[in-house]
Amino acid sequence: MQALYEDGRLTQASSESPFRYKKYLSDAKGIKMSDLWTNIKPVRGKESCGYPTQKPLALYERIISAGSSKGDVVIDPFAGCATTCVAAERLGRKWAGIDIWKGAHRLVVARLQEASHSLQGRQVYYTKDPPRLTDPLPVTLLDDPTQYKRKPYGWVALKPAQIRERLETVQAVADKPGFIYCAACGRQLEQAFMQLEHIRANSDGGSNFIDNRVLICGPCNRTKSDRYSFKRLRQINIKTGWTVDRDIAAVVYKKVIRLHKRIKVEMP
């Protein structure tokens, strides 16, 4: 304690008060990085390559520095204007870029020469051939690659018009030919006003197959968009008062789920 006192690390409000440890600003490690970065300027001037989605080089250098070490491999499957490749090269990382644009490799070389000046005669390899797996494979896969392919279920091959036709059958209003129940709000509308929608959004891993499809009305579809799951949409409809008949909507949705299960049995 004497050493801390002599070092100016202890302080007292008065001679009778207890000692308190004094911290200096230079001792702090700083503020933890948040997910909002406002100190990187947008792309402008010579850095711009004309891509509307181009990101600042400083941003990619920060991300690569935080997520890798020198000598690591950085891969960008959508290389575009080569910002990832340039940032990786400048930071001493190995890198590979992939892009559908045929001229992407020329832009990579040009930006590397202009931005980093670090190629020093080294060659950038460019190929149109798809990557080849070099890891050792199980003998069974080498002998019969087809055994690892997904089984071609019949219900997977159903087209949107066929999916709609089957859903219209289970969501039909019994006493009103040509009318369909919306499975999200319980409204009765003509078939033409019902839209084929995903139960689980594509952005959340949902498929386009019949086991992930349902018919809902236009307003429900616009509310759901690709933002909500079907379950969340029904909750929003109830909360906002858009639901006409909660029980009908629940019954119709159960019929849809039963159809999904039946289709998988009937079309193995």
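None of the figures in this text is laboratory data; all of them are computed from the coordinates on show. Please read all numbers here as calculations on a predicted model, not as lab measurements. As a convention, Cβ positions derive from the backbone with ideal geometry for all residues, glycine included, and neighbour counts pool all protein chains shown.
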Between the alpha carbon centres of region 165-188 and region 227-243 the gap in Å comes to 19 Å
With each run of n ≥ 4 DSSP H residues scored as -39500 (n - 2.57), what mean residue ellipticity at 222 nm is computed for the chain after dividing by its residue count and rounding to the nearest 500 deg cm²/dmol? -10000 deg cm²/dmol
Report the semi-axes of the equivalent ellipsoid for the chain in whole Å, largest first, where each axis is √(5λ) for an eigenvalue λ of the Cα gyration tensor. 53, 36, 21
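Taking 41 Å as R0, compute the FRET efficiency from the Cβ-Cβ separation of Asp35 and Ala96 and round it to 0.05.
0.90
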Going through Lys231/Lys254; Lys41/Lys128; Lys29/Lys55; Lys224/Lys255; Lys70/Lys102; Lys159/Lys255 one by one, the pairs whose alpha carbons sit over 24 Å apart turn out to be Lys41/Lys128; Lys29/Lys55; Lys70/Lys102
Could you work out how far helix 104-115 tilts from the main Cα principal axis of the chain, as a 0 to 90 degree angle to the nearest 10? 20 degrees
Angle, helix 160-170 long axis vs. longest principal axis of the chain, Cα atoms, 0 to 90°, nearest 10? 60 degrees
